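The structure under discussion appears below in the form of structure tokens.
The values are calculated or read from the model by the stated rules, or taken from the named source; none is laboratory data. The shown structure was predicted, so the numbers you read here are calculated from the model rather than taken from an experiment. Virtual Cβ from ideal backbone geometry, glycine too; neighbours counted across all protein chains shown.
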């Protein structure tokens, strides 16, 4: 048996139209050797958490560009807590740092961040020894 791979869910929440960036990150993380589940665009926090639970994910990545990112992330964090996955799943995003508090977000990567940086951070954060499967 080989080493178990990090499983990442990529989703675009709300009415955010930035699916292309999410798809690019999803492909690049897959190419970096991770299992990637692309949940798609226009996902509600409930749908995202359902996917996290169903896929037994280690991390979730989303663009942090919707009109109300703090409210959306707060709802996501609340649902993750209710489902008991808030300690098991790291939440990362891509977007401009506006200085706004973004609840539940573990790390925000700037738009031009190399995907290798994201993959490296994920390996450090949830890599061997931390992967639950």
_residue 124, sole failed condition from (1) at pLDDT below 90; (2) farther than 25 Å from residue 71 by Cα_ = (1)
*Enumerated helices (runs of 4 or more DSSP H) restricted to region 31-133, each holding at least 2 residues that are in contact with a strand residue (DSSP E or B) (Cβ under 8 Å, 6 or more places away or on another chain) and closer than 13 Å to residue 10 by Cβ*: 45-55, 115-126
*Could you list, in sequence order, all residues of region 83-115 that are exposed (fewer than 14 other Cβ atoms within 10 Å of the Cβ) and in contact with a helix residue (DSSP H, G or I) (Cβ under 8 Å, 6 or more places away or on another chain)?*
100, 101, 111
